[in-house]
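No value in this document is a laboratory result; all are computed from the given coordinates. The structure presented is a predicted model; accordingly, all values stated were derived computationally and were not measured. All Cβ positions, glycine included, derive from the backbone under ideal geometry; neighbour counts span all protein chains shown.
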Amino acid sequence: MNEDATRTRNDWRRRRTRIRVAIRDVPPAQWLAAILTGFLGSVPLGLMMQYGNPEPLLALALPRMYGFAGPDIVLGWAIHQFHGVVLALAYVAAVQWRPLERLAASLRGAVLFAVAVGVGTTLVLSVLLMPLWLAAVQYPFAPAFPDLAMPEKLWSVFGHVVFALPVTVGYAVLSRE
């Protein structure tokens, strides 16, 4: 193996170790706040999904994604809330990366990250992942891939930003020294 490849591999290992150490150093209150804010932020997004979508997304699509027949609104809400908590925990882990941590600890950065999370989760989850997953489980209302239906995707971006605001602002407030 040449010297450049060895140096690149060693640099990657050092960065990965620093990220692990940073995640390990997150206070338990931050993780608990992520769980709470992820759960709370998911409520308005879920209401938008329940009442703003023509198909029964919460009651039928989410249970179907996990192998349940549905419709089951309680199960759909439970899955949706779980997704919100996981995304909030992922956010806290992601902003431990040194180039992001200072910005994430500011209120201005929190708002910027909320918009970034809203756009990013819509692109990755709503535009790309959900159409593939719903088609794989033979959901009768599965959208085409990629799902770029307008104005629904703009509504999705707005809903995901609304979801992300409590998560990012909560993190910024708790990160202040």
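Sorted on the mean count of surrounding Cβ atoms within 10 Å across their residues, most packed first, peptides 130-138, 42-50 read 42-50, 130-138. Model label sites at R98 and L129, defined 7 Å from Cα along the beta-carbon direction, differ in position by 2.9 nm. In the chain, helices alone account for a calculated mean residue ellipticity at 222 nm of -23500 deg cm²/dmol, with every DSSP H run of four or more residues adding -39,500 (n - 2.57).
Once you reduce region 25-49 and region 95-149 to the center of their Cα atoms, the two points are 15 Å from each other. Axis angle, to the nearest 10 degrees, between helix 28-52 and the longest C-alpha principal axis of the chain: 30 degrees. Between A29 and A78, the contour length at 0.36 nm per residue exceeds the Cα-Cα span by 15.3 nm. Shown here are the Rg and Dmax of the Cα trace of region 29-175, at 15.4, 45 Å.
Taking the C-alpha atoms only, the angle from helix 152-175 to the longest principal axis of the chain is near 40 degrees.
On C-alpha positions alone, give me the angle between the axis of helix 73-94 and the longest principal axis of the chain, in degrees, nearest 10. Helix 73-94 and the main axis of the chain meet at about 20 degrees.
Within a 10 angstrom radius of the beta carbon, how do D25, D147 rank from fewest other beta carbons to most?
Values: D25 9, D147 19.
Lowest count first: D25, D147.
Segment K153..V119, full-extension length gain: 11.3 nm, with 0.36 nm per residue of separation and the alpha-carbon distance subtracted.
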